[in-house]
């Protein structure tokens, strides 16, 4: 079971990288460059609040899973 947890840790880190990439390129930057005020506010919230929280949380969860923090031995 610990091997599965380590594999899923790698998956969580990969998903965190994908969320960060898509959050920046698909949701964040196009909203900043649209020229509308409501899109600008939404883009700032996406880039500086949501993307770091979501991708950072998933990456930390994956890191802890890789290092064995969730193993049954502890």
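What follows is calculated from the coordinates using simple rules that are stated; it is not laboratory data. The shown structure was predicted, so the numbers you read here are calculated from the model rather than taken from an experiment. Cβ placement follows ideal geometry from the backbone for every residue including glycine, while neighbour counts extend to all protein chains displayed.
So here's what we get for this one:
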| read-out | value |
| --- | --- |
| MRE, 222 nm, helices only [DSSP H, n ≥ 4, -39500 (n - 2.57), over the chain, to nearest 500] | -21500 deg cm²/dmol |
| Viscosity 1.002 mPa s, temperature 20 °C, Stokes-Einstein D of region 2-67 from Kirkwood C-alpha radius, µm²/s | 171 µm²/s |
| In nm, spacing of pseudo-spin labels at residue 7 and residue 69 (7 Å Cα→C-beta vector) | 2.3 nm |
